[in-house]
Structures are given as structure tokens and as C-alpha cells.
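Down below is the structure, laid out as C-alpha cells.
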Amino acid sequence: MEGNIVFYTYGSTLELNGQQFDAGRLTEDLLNLSPDDYHPMHERMTRIRTFATAYEHNKDTEFWWKLNDEMDALC
């Protein structure tokens, strides 16, 4: 699989995709996704990066709204 997983640490908590978790509560279920679970998330993140880059380059609000919709769908 390609791509990156970005997380941040804050003392005894971790932030992953904007959600904070107590470090002791993380399980391998969260960190070891099956290909069937990973693939849709990977496709969505690819679209998010594409819309974000397009918006940064030309400030077209169409890309901003598409980016918003994709980010909202993550919740």
C-alpha cells in the first residue's frame, strides 16, 4: 500500500485524522485495517488532496465546496 499515516502525540493522547485517542485505548483494530476497509479511505483521501491542491493553486470556490463535502463525509 502507498501513502502516509499522519498522527500527532499530545502527552498521553494521540490524534489520528482529527480525532484524539487515549494512547492506552488504541487497539490493533484501529491501526491494522483490512484492504476492504483501507481502500475506500485511501480513495477519499486522494480526492481530498486533489481538491485541496486545486483550491490552493487557483482559489476556485468550487474546489473548496468539494473539499468540504469530502471532509464532511469522513465523520
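List of remarks:
- Here the extension length gained between R44 and A73 equals 9.6 nm, from 0.36 nm per residue of separation less the Cα-Cα distance.
- Interchain or long-range residues, amide H under 5 Å from L33's placed H: none
Each value in this text was obtained by applying a stated rule to the coordinates, not by laboratory testing. All of these numbers come straight from a predicted model, not from anything done at the bench.
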